[in-house]
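Trainee: Please see the structure below; I have some questions.
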Amino acid sequence: EEFKQNEGKKVYITPIKKYLAIHKLDEKYYAFSAYCSHQKGPIDKGKIAGSYVVCPWHGYAFAISDGCGAPGLEDAIPAYSTLIKSGVVYVREKTVQPVE
């Protein structure tokens, strides 16, 4: 209930000791690094557009499925799988795709 449609929220995840940006879109939840790989922009303040989460600072777009940059963008951000159980959003500790 704390999450609003297509709005991100910055959350500290204790087991992995990182801040993540969690976005809700059509009753699905997506988790990413809280910071853009370009200039550390706040991904939690970005919006989901189509199949990408867009950094509000410079418009860098990353796939919601795996955090890879949009075509023509070599950057990526860590993306994490989520699970909803009894109204709680759980985040896997490992990224969907390792980011170098």
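Trainee: Please compute the contact order of the chain in relative form: average sequence separation of alpha-carbon pairs under 8 Å and at least six residues apart, divided by the residue count, as a percent.
Mentor: Details: 218 pairs, mean separation 19.3, N = 100.
It comes to 19 percent, rounded to a whole number.
Trainee: Go through 54, 35, 77 and say which Cα lies farthest out towards the positive end of the charge dipole of the chain; charges sit on Cβ, +1 for Lys and Arg, -1 for Asp and Glu.
Mentor: Projecting each Cα onto the dipole axis, the largest value belongs to 35.
Trainee: Can you tell me the length gained on complete extension of the stretch residue 12 to residue 49, counting 0.36 nm per residue apart and subtracting the Cα distance?
Mentor: Full extension from residue 12 to residue 49 adds 10.9 nm.
Trainee: Let me ask something else. Of the listed peptides 78-84, 3-9, what is their order by residue-averaged count of other C-beta atoms within 10 Å, with the highest listed first? Don't skip to the answer; put the middle values down first.
Mentor: Values: 78-84: 17.1, 3-9: 15.3.
Ranked from most to least packed, the peptides come out as 78-84, 3-9.
Trainee: While we're here: Keeping the other protein chains in place, figure out the carbon and sulfur percent of the accessible area of the chain, with a 1.4 Å probe.
Mentor: Numbers: 3130 of 6290 Å².
Result for the chain: 50 percent of the exposed heavy-atom area is carbon or sulfur.
Trainee: Under the classification rounded if a/c is under 1.5, otherwise prolate if a/b is larger than b/c and oblate if not, where does the stretch 1-44 fall, given a ≥ b ≥ c as square roots of the Cα gyration tensor eigenvalues? Kindly include the intermediate steps, with their values, before the conclusion.
Mentor: Working: a/c = 2.40, a/b = 1.36, b/c = 1.77.
It is oblate, given that a/c is not under 1.5 and a/b is not larger than b/c.
Trainee: Put a dot 7 Å past each Cα toward the Cβ at residue 57 and residue 75; how far apart are the dots in nm?
Mentor: In this crude spin-label approximation the distance works out to 0.7 nm.
Trainee: Excluding ligands, DNA and RNA, what is the solvent-accessible area per residue of the chain at a probe of 1.4 Å, expressed in Å²?
Mentor: Result: 63 Å² of accessible area for each residue.
Trainee: If you don't mind, another one. Quick one: dipole size for the stretch 29-100, taken about the Cα centre, charges +1 on Lys/Arg Cβ and -1 on Asp/Glu Cβ, in debye to the nearest 20.
Mentor: Details: 6 positive and 6 negative charges, 61 e Å.
I would put it at about 300 debye.
The values are calculated or read from the model by the stated rules, or taken from the named source; none is laboratory data. In this text, all values refer to a predicted model and were calculated from it rather than measured experimentally. Cβ sites come from the backbone with ideal geometry, for glycine too, and all protein chains shown count toward neighbours. Each accessible area value is taken on the protein alone, full model and side chains, heavy atoms only, with ligands, DNA and RNA left out. Shrake-Rupley method; radii C 1.70, N 1.55, O 1.52, S 1.80 Å.
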